[in-house]
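A short reminder: the numbers here are calculations on the coordinates, not readings from a lab. Computed from a predicted structure; not experimentally measured.
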Amino acid sequence: MTDVTAGRDDRPRPGPQGDISPEQVREHLRRRAIFLRELAEARELRRRVTPHRSRRARIHAALRRRTFRIN
């Protein structure tokens, strides 16, 4: 039989009890903010570079809204 824990990282992980230091929290939030900023930049760039896609998406969204409208 094989050991299912072989090759796993057995270091303790921070849990919900607050085992993580304030420096680690700040670093995590900083990296997350950078990631979200870059994601927003990428979305904006994609929207500007491929306007036909964004136009098509607007048209499809409008059609979806009209489809479920009750008269």
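Descriptive notes on the structure:
- Applying 0.36 nm per residue to the separation of ALA62 and LEU36 and subtracting their alpha-carbon distance, the gain on full extension is 6.6 nm.
- Within region 22-67, the ratio Rg/Rh, alpha carbon atoms throughout and Rh by Kirkwood, equals 1.31.
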